[in-house]
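J.: Okay, here's the structure, questions in a sec.
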Amino acid sequence: MSVLIYIESANNKIKKSAYEVASYASAIAEKLSTSVTATVIGDVENSEIMSLAKYGVSKAVHVNNDKLKNFANQAYASVIAEIAKKEQANVIVLSNSLSGKALAPRIAIKLNAGIVDGALALPEINADKFIVRKTAFSSKAFAYVELSSAIKVISLNPNAYEIVKKAVDLTIEAYNPEVRDRDLKAVIKEISQVSNKVSLADADIVVSAGRGLKGPENWGMIEELANLLGAATACSKPVSDAGWRPHSEHVGQTGLAISPNLYIAIGISGAIQHLAGVSSSKTIVVINKDPEAPFFKVADYGIIGDAFEIVPKIIQELKSLKA
Ligand code: FAD
(Lines give C-alpha, C1' and ligand atoms only; values in the text may rest on other atoms or scores of the structure.)
Protein backbone atom coordinates (compact mmCIF):
# COMPACT_ATOMS: atom_id res chain seq x y z
CA MET A 1 0.00 0.00 0.00
CA SER A 2 1.30 3.46 -0.86
CA VAL A 3 0.26 6.87 -2.16
CA LEU A 4 1.48 7.69 -5.66
CA ILE A 5 1.65 11.21 -7.06
CA TYR A 6 2.33 12.58 -10.52
CA ILE A 7 4.80 15.45 -10.59
CA GLU A 8 4.20 18.05 -13.29
CA SER A 9 7.16 19.96 -14.62
CA ALA A 10 7.76 22.71 -17.15
CA ASN A 11 11.13 23.70 -18.61
CA ASN A 12 12.72 20.96 -16.48
CA LYS A 13 11.48 22.57 -13.27
CA ILE A 14 8.89 21.07 -10.93
CA LYS A 15 5.70 23.14 -10.89
CA LYS A 16 4.33 24.74 -7.71
CA SER A 17 1.13 22.68 -8.03
CA ALA A 18 3.23 19.51 -7.76
CA TYR A 19 4.48 20.61 -4.32
CA GLU A 20 0.84 21.14 -3.33
CA VAL A 21 0.08 17.59 -4.54
CA ALA A 22 3.11 16.25 -2.60
CA SER A 23 2.01 18.01 0.62
CA TYR A 24 -1.58 16.79 0.22
CA ALA A 25 -0.48 13.21 -0.52
CA SER A 26 1.93 13.26 2.38
CA ALA A 27 -0.94 14.15 4.77
CA ILE A 28 -3.03 11.28 3.31
CA ALA A 29 -0.09 8.88 3.61
CA GLU A 30 0.32 9.84 7.25
CA LYS A 31 -3.35 9.03 7.94
CA LEU A 32 -2.95 5.68 6.16
CA SER A 33 0.44 4.97 7.82
CA THR A 34 2.17 4.62 4.49
CA SER A 35 4.60 6.57 2.29
CA VAL A 36 4.51 8.77 -0.82
CA THR A 37 6.10 7.77 -4.14
CA ALA A 38 6.37 10.31 -6.94
CA THR A 39 6.32 9.71 -10.69
CA VAL A 40 8.48 12.20 -12.57
CA ILE A 41 8.39 12.03 -16.37
CA GLY A 42 10.89 13.89 -18.53
CA ASP A 43 14.18 15.66 -18.42
CA VAL A 44 14.19 16.85 -14.80
CA GLU A 45 17.56 17.03 -13.00
CA ASN A 46 18.11 14.81 -9.94
CA SER A 47 18.80 17.89 -7.81
CA GLU A 48 15.35 19.22 -8.75
CA ILE A 49 13.71 15.85 -7.97
CA MET A 50 15.51 15.79 -4.60
CA SER A 51 13.60 18.94 -3.61
CA LEU A 52 10.53 16.69 -3.18
CA ALA A 53 12.17 15.22 -0.04
CA LYS A 54 11.23 18.44 1.77
CA TYR A 55 7.54 17.71 1.18
CA GLY A 56 7.22 14.14 2.43
CA VAL A 57 8.12 12.21 -0.74
CA SER A 58 10.34 9.24 0.14
CA LYS A 59 10.72 7.69 -3.32
CA ALA A 60 10.71 9.10 -6.85
CA VAL A 61 10.39 6.96 -9.96
CA HIS A 62 12.05 8.91 -12.76
CA VAL A 63 10.98 8.06 -16.31
CA ASN A 64 13.24 9.69 -18.86
CA ASN A 65 12.38 8.24 -22.23
CA ASP A 66 12.78 10.17 -25.50
CA LYS A 67 9.31 9.05 -26.64
CA LEU A 68 7.84 10.76 -23.57
CA LYS A 69 9.68 14.04 -24.04
CA ASN A 70 6.43 15.76 -24.98
CA PHE A 71 3.18 15.31 -23.08
CA ALA A 72 1.02 12.51 -24.53
CA ASN A 73 -2.03 11.79 -22.41
CA GLN A 74 -2.47 8.07 -23.28
CA ALA A 75 1.23 7.26 -22.92
CA TYR A 76 1.64 9.20 -19.68
CA ALA A 77 -1.52 7.62 -18.24
CA SER A 78 -0.21 4.13 -19.15
CA VAL A 79 3.15 4.80 -17.50
CA ILE A 80 1.60 6.22 -14.32
CA ALA A 81 -0.86 3.29 -14.11
CA GLU A 82 2.02 0.83 -14.58
CA ILE A 83 4.01 2.48 -11.81
CA ALA A 84 0.90 2.49 -9.59
CA LYS A 85 0.64 -1.30 -10.06
CA LYS A 86 4.38 -1.77 -9.48
CA GLU A 87 4.26 0.30 -6.28
CA GLN A 88 0.94 -1.24 -5.19
CA ALA A 89 -0.46 2.25 -4.84
CA ASN A 90 -4.00 2.47 -3.56
CA VAL A 91 -4.29 6.26 -3.68
CA ILE A 92 -3.09 8.26 -6.71
CA VAL A 93 -3.01 12.06 -6.55
CA LEU A 94 -2.51 14.53 -9.41
CA SER A 95 -3.11 18.24 -9.84
CA ASN A 96 -6.44 19.15 -11.43
CA SER A 97 -4.51 21.08 -14.06
CA LEU A 98 -5.05 20.80 -17.81
CA SER A 99 -2.80 17.73 -18.00
CA GLY A 100 -4.17 16.33 -14.73
CA LYS A 101 -7.69 16.60 -16.16
CA ALA A 102 -6.56 14.54 -19.16
CA LEU A 103 -4.68 11.96 -17.08
CA ALA A 104 -6.84 11.29 -14.01
CA PRO A 105 -9.82 9.60 -15.74
CA ARG A 106 -7.55 7.58 -18.04
CA ILE A 107 -5.52 6.32 -15.07
CA ALA A 108 -8.74 5.52 -13.18
CA ILE A 109 -10.02 3.42 -16.10
CA LYS A 110 -6.73 1.55 -16.42
CA LEU A 111 -6.74 0.73 -12.68
CA ASN A 112 -10.48 0.17 -12.33
CA ALA A 113 -10.38 2.90 -9.70
CA GLY A 114 -12.86 5.37 -8.28
CA ILE A 115 -12.13 9.01 -9.04
CA VAL A 116 -12.76 12.46 -7.58
CA ASP A 117 -11.76 15.37 -9.78
CA GLY A 118 -11.18 18.83 -8.33
CA ALA A 119 -10.74 17.88 -4.65
CA LEU A 120 -10.70 20.85 -2.30
CA ALA A 121 -9.59 19.38 1.00
CA LEU A 122 -8.02 16.37 2.64
CA PRO A 123 -10.29 13.33 2.57
CA GLU A 124 -12.09 12.27 5.71
CA ILE A 125 -10.64 8.84 6.40
CA ASN A 126 -12.15 6.71 9.14
CA ALA A 127 -12.84 3.00 9.45
CA ASP A 128 -13.79 1.96 5.90
CA LYS A 129 -14.84 5.41 4.73
CA PHE A 130 -12.86 7.66 2.41
CA ILE A 131 -14.80 10.86 1.64
CA VAL A 132 -13.49 13.71 -0.52
CA ARG A 133 -14.95 17.22 -0.76
CA LYS A 134 -15.18 18.88 -4.18
CA THR A 135 -17.22 21.61 -5.80
CA ALA A 136 -20.40 20.77 -7.67
CA PHE A 137 -22.88 22.59 -9.92
CA SER A 138 -20.28 25.04 -11.26
CA SER A 139 -18.94 25.83 -7.78
CA LYS A 140 -22.40 26.64 -6.40
CA ALA A 141 -22.33 23.70 -3.96
CA PHE A 142 -19.99 21.21 -2.35
CA ALA A 143 -20.22 17.49 -2.99
CA TYR A 144 -18.90 14.90 -0.54
CA VAL A 145 -17.91 11.89 -2.60
CA GLU A 146 -17.30 8.55 -0.94
CA LEU A 147 -14.72 6.45 -2.72
CA SER A 148 -15.36 2.82 -1.90
CA SER A 149 -13.14 1.28 -4.60
CA ALA A 150 -9.86 -0.37 -3.56
CA ILE A 151 -7.89 2.11 -5.69
CA LYS A 152 -8.70 5.81 -5.56
CA VAL A 153 -7.65 8.57 -7.95
CA ILE A 154 -7.87 12.18 -6.75
CA SER A 155 -7.09 15.32 -8.71
CA LEU A 156 -6.46 18.28 -6.42
CA ASN A 157 -7.55 21.78 -7.40
CA PRO A 158 -4.57 24.15 -7.77
CA ASN A 159 -4.20 26.49 -4.75
CA ALA A 160 -6.70 24.40 -2.74
CA TYR A 161 -4.08 22.93 -0.40
CA GLU A 162 -1.13 24.73 1.15
CA ILE A 163 2.42 23.56 0.58
CA VAL A 164 3.60 22.06 3.87
CA LYS A 165 7.20 21.12 4.62
CA LYS A 166 7.92 17.64 5.96
CA ALA A 167 11.51 16.48 5.50
CA VAL A 168 12.13 12.80 4.72
CA ASP A 169 14.89 10.78 3.02
CA LEU A 170 14.28 10.37 -0.71
CA THR A 171 15.60 7.74 -3.10
CA ILE A 172 15.37 8.13 -6.87
CA GLU A 173 14.80 5.09 -9.06
CA ALA A 174 15.16 5.22 -12.85
CA TYR A 175 12.44 3.42 -14.79
CA ASN A 176 12.24 2.91 -18.52
CA PRO A 177 8.89 1.42 -19.47
CA GLU A 178 7.97 0.19 -22.92
CA VAL A 179 6.05 2.95 -24.73
CA ARG A 180 3.55 1.64 -27.29
CA ASP A 181 3.13 3.59 -30.52
CA ARG A 182 -0.65 3.38 -30.20
CA ASP A 183 -0.31 5.44 -27.01
CA LEU A 184 1.42 8.21 -28.95
CA LYS A 185 -1.39 9.16 -31.32
CA ALA A 186 -1.98 12.51 -29.61
CA VAL A 187 1.23 14.21 -28.56
CA ILE A 188 1.82 17.84 -27.67
CA LYS A 189 4.53 18.93 -30.11
CA GLU A 190 5.23 22.42 -28.88
CA ILE A 191 4.02 24.80 -26.20
CA SER A 192 4.23 28.40 -27.28
CA GLN A 193 4.31 30.74 -24.33
CA VAL A 194 3.46 34.33 -25.18
CA SER A 195 6.56 36.31 -24.06
CA ASN A 196 7.45 35.60 -20.43
CA LYS A 197 3.91 35.94 -19.14
CA VAL A 198 2.69 34.00 -16.12
CA SER A 199 0.63 30.93 -17.12
CA LEU A 200 -3.06 31.50 -16.33
CA ALA A 201 -3.75 27.94 -15.16
CA ASP A 202 -1.00 28.06 -12.51
CA ALA A 203 -1.11 31.74 -11.55
CA ASP A 204 -1.30 32.82 -7.92
CA ILE A 205 -2.76 36.18 -8.92
CA VAL A 206 -5.04 36.85 -11.91
CA VAL A 207 -6.05 40.27 -13.24
CA SER A 208 -9.16 39.83 -15.37
CA ALA A 209 -11.20 42.33 -17.36
CA GLY A 210 -14.53 42.38 -19.19
CA ARG A 211 -16.65 44.35 -21.57
CA GLY A 212 -16.56 47.33 -19.20
CA LEU A 213 -13.11 48.06 -20.65
CA LYS A 214 -14.82 49.13 -23.91
CA GLY A 215 -12.20 47.92 -26.37
CA PRO A 216 -8.88 46.10 -26.87
CA GLU A 217 -6.97 49.39 -26.95
CA ASN A 218 -7.62 49.77 -23.19
CA TRP A 219 -5.83 46.57 -22.10
CA GLY A 220 -2.50 48.39 -21.59
CA MET A 221 -3.42 49.22 -17.98
CA ILE A 222 -4.57 45.63 -17.34
CA GLU A 223 -1.24 44.27 -18.62
CA GLU A 224 0.66 46.86 -16.58
CA LEU A 225 -1.23 46.01 -13.38
CA ALA A 226 -0.67 42.29 -14.02
CA ASN A 227 3.07 42.85 -14.59
CA LEU A 228 3.42 44.82 -11.36
CA LEU A 229 1.68 42.05 -9.40
CA GLY A 230 3.41 39.16 -11.17
CA ALA A 231 -0.07 38.09 -12.27
CA ALA A 232 -1.60 36.38 -15.30
CA THR A 233 -4.28 38.13 -17.35
CA ALA A 234 -7.76 36.74 -18.04
CA CYS A 235 -11.00 37.98 -19.55
CA SER A 236 -14.74 37.32 -19.85
CA LYS A 237 -16.20 35.37 -22.78
CA PRO A 238 -17.61 38.31 -24.79
CA VAL A 239 -14.16 39.89 -24.70
CA SER A 240 -12.48 36.88 -26.29
CA ASP A 241 -15.45 36.30 -28.62
CA ALA A 242 -14.98 39.85 -29.90
CA GLY A 243 -11.28 39.14 -30.49
CA TRP A 244 -10.15 41.79 -27.99
CA ARG A 245 -8.14 39.10 -26.17
CA PRO A 246 -7.01 35.55 -27.09
CA HIS A 247 -9.38 32.67 -26.30
CA SER A 248 -6.72 31.19 -24.01
CA GLU A 249 -7.58 34.00 -21.54
CA HIS A 250 -11.32 33.25 -21.42
CA VAL A 251 -12.37 32.01 -17.97
CA GLY A 252 -15.71 30.62 -16.87
CA GLN A 253 -18.08 27.78 -17.55
CA THR A 254 -17.05 27.47 -21.19
CA GLY A 255 -13.48 28.67 -20.62
CA LEU A 256 -10.73 27.81 -18.18
CA ALA A 257 -11.70 27.16 -14.54
CA ILE A 258 -9.13 28.72 -12.22
CA SER A 259 -8.67 29.06 -8.46
CA PRO A 260 -5.90 31.58 -7.84
CA ASN A 261 -5.19 33.06 -4.43
CA LEU A 262 -6.26 36.49 -5.71
CA TYR A 263 -8.67 37.21 -8.58
CA ILE A 264 -9.14 40.87 -9.55
CA ALA A 265 -12.21 41.36 -11.78
CA ILE A 266 -12.37 44.70 -13.58
CA GLY A 267 -15.46 45.76 -15.56
CA ILE A 268 -16.98 42.25 -15.40
CA SER A 269 -20.64 41.93 -14.39
CA GLY A 270 -20.29 38.53 -12.66
CA ALA A 271 -22.74 36.43 -14.68
CA ILE A 272 -23.15 32.89 -13.33
CA GLN A 273 -21.33 31.45 -16.33
CA HIS A 274 -18.31 33.63 -15.52
CA LEU A 275 -18.46 32.87 -11.79
CA ALA A 276 -18.53 29.14 -12.55
CA GLY A 277 -14.85 29.33 -13.51
CA VAL A 278 -13.53 31.74 -10.87
CA SER A 279 -15.61 31.54 -7.69
CA SER A 280 -13.26 29.09 -5.99
CA SER A 281 -10.54 31.79 -6.02
CA LYS A 282 -9.36 32.40 -2.44
CA THR A 283 -9.85 36.19 -2.50
CA ILE A 284 -11.94 38.08 -5.05
CA VAL A 285 -11.60 41.82 -5.65
CA VAL A 286 -14.20 43.46 -7.90
CA ILE A 287 -13.94 46.86 -9.56
CA ASN A 288 -17.21 47.87 -11.21
CA LYS A 289 -19.03 51.17 -11.63
CA ASP A 290 -22.45 49.55 -11.08
CA PRO A 291 -23.11 48.94 -7.36
CA GLU A 292 -25.76 46.37 -8.37
CA ALA A 293 -23.31 44.25 -10.40
CA PRO A 294 -23.83 40.59 -9.30
CA PHE A 295 -20.07 40.12 -8.89
CA PHE A 296 -20.17 42.19 -5.67
CA LYS A 297 -22.24 39.40 -4.04
CA VAL A 298 -19.28 36.99 -4.18
CA ALA A 299 -16.51 39.60 -3.75
CA ASP A 300 -14.29 39.73 -0.67
CA TYR A 301 -13.43 43.34 -1.50
CA GLY A 302 -15.34 45.63 -3.84
CA ILE A 303 -14.55 49.02 -5.32
CA ILE A 304 -17.52 50.84 -6.85
CA GLY A 305 -16.18 53.18 -9.47
CA ASP A 306 -14.82 53.76 -12.94
CA ALA A 307 -12.03 51.33 -13.87
CA PHE A 308 -10.39 54.04 -15.96
CA GLU A 309 -9.88 56.11 -12.81
CA ILE A 310 -9.24 53.34 -10.28
CA VAL A 311 -6.81 51.06 -12.13
CA PRO A 312 -4.29 53.86 -12.94
CA LYS A 313 -4.37 54.87 -9.26
CA ILE A 314 -3.60 51.30 -8.13
CA ILE A 315 -0.77 51.15 -10.68
CA GLN A 316 0.65 54.44 -9.40
CA GLU A 317 0.46 53.22 -5.80
CA LEU A 318 2.17 49.91 -6.62
CA LYS A 319 4.92 51.73 -8.49
CA SER A 320 5.55 54.05 -5.57
CA LEU A 321 5.69 51.03 -3.22
CA LYS A 322 8.28 49.40 -5.49
CA ALA A 323 10.38 52.60 -5.92
P1 FAD B 1 -21.10 42.74 -19.42
O2 FAD B 1 -22.16 41.83 -18.94
O3 FAD B 1 -21.40 43.66 -20.54
O4 FAD B 1 -20.63 43.56 -18.16
C5 FAD B 1 -19.73 44.63 -18.19
C6 FAD B 1 -19.58 45.15 -16.77
O7 FAD B 1 -18.67 46.22 -16.78
C8 FAD B 1 -20.91 45.71 -16.20
O9 FAD B 1 -21.13 45.15 -14.90
C10 FAD B 1 -20.64 47.22 -16.07
O11 FAD B 1 -21.27 47.81 -14.93
C12 FAD B 1 -19.13 47.25 -15.94
N13 FAD B 1 -18.54 48.50 -16.43
C14 FAD B 1 -18.83 49.19 -17.56
N15 FAD B 1 -18.03 50.25 -17.68
C16 FAD B 1 -17.21 50.25 -16.59
C17 FAD B 1 -16.17 51.10 -16.15
N18 FAD B 1 -15.76 52.16 -16.85
N19 FAD B 1 -15.55 50.79 -14.98
C20 FAD B 1 -15.94 49.70 -14.23
N21 FAD B 1 -16.92 48.88 -14.62
C22 FAD B 1 -17.55 49.15 -15.79
N23 FAD B 1 -19.11 34.39 -19.80
C24 FAD B 1 -17.87 34.26 -19.31
O25 FAD B 1 -17.23 35.23 -18.87
N26 FAD B 1 -17.28 33.02 -19.28
C27 FAD B 1 -17.90 31.90 -19.73
O28 FAD B 1 -17.32 30.82 -19.69
C29 FAD B 1 -19.22 32.04 -20.26
N30 FAD B 1 -19.87 30.94 -20.71
C31 FAD B 1 -21.17 31.10 -21.14
C32 FAD B 1 -21.89 29.96 -21.52
C33 FAD B 1 -23.21 30.10 -21.93
C34 FAD B 1 -23.96 28.85 -22.35
C35 FAD B 1 -23.81 31.37 -21.98
C36 FAD B 1 -25.25 31.52 -22.39
C37 FAD B 1 -23.11 32.49 -21.59
C38 FAD B 1 -21.77 32.38 -21.19
N39 FAD B 1 -21.03 33.50 -20.80
C40 FAD B 1 -19.79 33.33 -20.28
C41 FAD B 1 -21.56 34.86 -20.97
C42 FAD B 1 -22.12 35.45 -19.68
O43 FAD B 1 -23.47 35.06 -19.54
C44 FAD B 1 -22.03 36.99 -19.70
O45 FAD B 1 -22.72 37.47 -20.82
C46 FAD B 1 -20.60 37.53 -19.73
O47 FAD B 1 -19.84 36.93 -18.69
C48 FAD B 1 -20.61 39.03 -19.58
O49 FAD B 1 -19.32 39.52 -19.77
P50 FAD B 1 -18.87 40.90 -19.10
O51 FAD B 1 -19.17 40.87 -17.66
O52 FAD B 1 -17.49 41.17 -19.56
O53 FAD B 1 -19.81 41.96 -19.88
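The values are calculated or read from the model by the stated rules, or taken from the named source; none is laboratory data. The model shown is predicted, which means the values in this text are computed figures rather than measured ones. Counting neighbours? That spans all protein chains shown, and the Cβs are built from the backbone with ideal geometry, glycine included. What goes into the accessible areas is simple: the full protein's heavy atoms, side chains included, and nothing from ligands, DNA or RNA. Shrake-Rupley method; radii C 1.70, N 1.55, O 1.52, S 1.80 Å.
J.: Counting other Cβ atoms within 10 Å, which GluC sites (Glu not before Pro) in the stretch 116-208 have at most 16 and lie in a DSSP loop?
T.: Details: sites: Glu124, Glu146, Glu162, Glu173, Glu178, Glu190; in loops: Glu162, Glu178, Glu190.
In loop regions of the stretch 116-208 (DSSP not H, G, I, E or B), the sparsely surrounded GluC sites (Glu not before Pro) are Glu162, Glu178, Glu190.
J.: Just to confirm, what accessible area per residue do you get for the stretch 28-169 at 1.4 Å probe, in whole Å²?
T.: Result: 45 Å² per residue.
J.: First compute the accessible area of the stretch 10-150 with a 1.4 Å probe, then give the percent of it belonging to carbon and sulfur atoms.
T.: 48 percent
J.: Now for a separate question. May I ask you to compute the full-extension gain from Glu309 to Asn126, defined as 0.36 nm times their residue separation minus their alpha-carbon distance, rounded to one decimal in nm?
T.: Net length gain for the segment: 60.5 nm.
J.: In the stretch 79-149, which chymotrypsin sites (Phe, Trp or Tyr not before Pro) fall in coil by DSSP and have 12 or fewer other Cβ atoms within 10 Å?
T.: Those that pass, being in a loop and sparsely packed, are Phe137.
J.: Here's a follow-up. If I model a spin label as a point 7 Å beyond the Cα along the Cα-Cβ vector, how far apart are those points for Ala174 and Ala150 in nm?
T.: Those two pseudo-labels are separated by 3.3 nm.
J.: In terms of Cα to Cα distance under 24 Å, which lysines are near enough to Lys322, apart from those fewer than 8 places away along the same chain?
T.: List returned: Lys197, Lys313.
J.: Tell me, in nm to one decimal, what length is gained between Asn12 and Leu318 on full extension, where the rule is 0.36 nm per residue of separation less the Cα-Cα distance?
T.: Here the answer is 106.9 nm.
J.: Mind listing the long-range amide H neighbours of Ser9? Cut-off is under 5 Å, sequence gap 5 or more, other chains count too, H placed in the peptide plane at 1.01 Å from N.
T.: Here Lys15 satisfy the definition.
J.: Same structure, new question: Please give me, ordered by residue number, the trypsin sites (Lys or Arg not before Pro) of the stretch 204-285 that lie in loop per DSSP and have at most 13 other Cβ atoms within 10 Å.
T.: In loop regions of the stretch 204-285 (DSSP not H, G, I, E or B), the sparsely surrounded trypsin sites (Lys or Arg not before Pro) are Lys214, Lys282.
J.: Quick one: with all protein chains in place, what share of the accessible area of the stretch 275-323 is carbon or sulfur, to the nearest percent (1.4 Å probe)?
T.: Working: 1640 of 2970 Å².
C and S fraction of accessible area: 55 percent.
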